Amino acid sequence: MSAPDLKIEAMRRRHLAAVERVELELSAIPWSRRLFLEEISRSGDRYYRVAFCRRELVGFIGMMWVADEAHITNLGVSKVAWGAGIGSRLLLDALGYASGAGIKDCTLEVRAGNLRAQRLYARFGFVAVGVRRAYYHDNDEDAIIMWAYDLASERERSRRAGIAAALEGEGKSD
Ligand SMILES: CC(C)(COP(=O)(O)OP(=O)(O)OC[C@H]1O[C@@H](n2cnc3c(N)ncnc32)[C@H](O)[C@@H]1OP(=O)(O)O)[C@@H](O)C(=O)NCCC(=O)NCCS
């Protein structure tokens with residue numbers, strides 16, 4: 001699947017039924033609709049976006065921050081849409097926003113067994129810096145703690161520009 005006509009916009013209350021469907025499809029410990037609502041109801045330290053492909057909500061990303069440190073709280077792409085660059089575009093959008101807002105570094109937790117997501121994050125400069133043992137209570141899986149540093153640096157800007165250009169190239173060749 002390709003996503004040439006992907007649109008990313010702010011997550012709103014009206015999106016939450018579809019967001020919840022994607023979350024239930026993906027997560028063994030799904031966020032409730034109420035939690036998403038609480039998150040998007042906060043202003044000033046939250047950034048939540050949804051991705052639409054041909055009018056269908058196919059993914060979302062959430063980010064919070066304290067001072068100049070951000071935390072990716074959630075990221076999901078509906079399975080039928082995996083591999084089309086939607087996760088990458090959502091990350092590009094959120095990290096680009098963070099960089100422009102003066103946020104310096106960004107962290108996240110990812111399941112130790114979730115190599116797909118870890119590869120995605122590594123392409124964006126995230127490095128593994130530690131482990132939270134048995135962090136996920138459904139199966140006691142460890143969480144890998146990853147950080148991306150200096151989001152506004154030339155190095156990170158050009159990394160993101162390279163990813164964006166590659167995605168653009170993929171879209172055009174479809
Ligand atoms: C992790 C996740 C968000 C990735 O979303 P995605 O939309 O599939 O991500 P992308 O398409 O940008 O990148 C994934 C793969 O597709 C490939 N890809 C990206 N764009 C592509 C394109 N246009 N054509 C072909 N392949 C492409 C990438 O190279 C990447 O390959 P890899 O798996 O070998 O690293 C998604 O798998 C998901 O929702 N997983 C479950 C929830 C989850 O793990 N969330 C993260 C929790 S920390």
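The values are calculated or read from the model by the stated rules, or taken from the named source; none is laboratory data. For clarity, every value in this text was computed on a predicted model and none was experimentally measured. Counting neighbours? That spans all protein chains shown, and the Cβs are built from the backbone with ideal geometry, glycine included.
Check whether at least one residue in segment 86-95 is crowded, with 18+ Cβ neighbours inside 10 Å, more than 19 Å from Trp65 (Cα to Cα) and not small (Gly, Ala, Ser), and report yes or no. For segment 86-95, residues crowded, with 18+ Cβ neighbours inside 10 Å, more than 19 Å from Trp65 (Cα to Cα) and not small (Gly, Ala, Ser): present. Of the residues making up segment 72-85, those that are assigned to a strand (DSSP E or B) and either surrounded by fewer than 17 Cβ atoms within 10 Å (Cβ to Cβ) or near the ligand (Cβ under 8 Å from one of its atoms) (or both) number 5. For the criterion of being over 14 Å from Ala164 (Cβ atoms), surrounded by fewer than 21 Cβ atoms within 10 Å (Cβ to Cβ), among the basic types (Lys, Arg) and modelled with pLDDT of 95 or more, Arg123 fails.
Of all residues in segment 80-101, those that are over 11 Å from Ala164 (Cα atoms) have Cβ atoms under 6 Å from Cβ atoms of residues that are part of a helix (DSSP H, G or I) and near the ligand (Cβ under 9 Å from one of its atoms), 6 or more apart or on another chain, in Gly87/Leu120. Scan segment 132-174 residue by residue and report those that are part of a strand (DSSP E or B) and closer than 17 Å to Ala94 by Cβ. Correct list: Met146, Trp147, Ala148. Scanning segment 60-71 for residues that are surrounded by fewer than 23 Cβ atoms within 10 Å (Cβ to Cβ), of a type in the set (A, V, I, L, M) and in a strand (DSSP E or B) gives Met64, Val66.
Please enumerate the residues belonging to segment 86-110 that are within 24 Å of Asn139 (Cα to Cα) and within 7 Å of the ligand (Cβ to nearest atom).
Leu108, Glu109, Val110
The set of residues in segment 105-120 being within 11 Å of the chain's Cα centre (by Cα) and closer than 20 Å to Gly162 by Cα consists of Ala117, Leu120.
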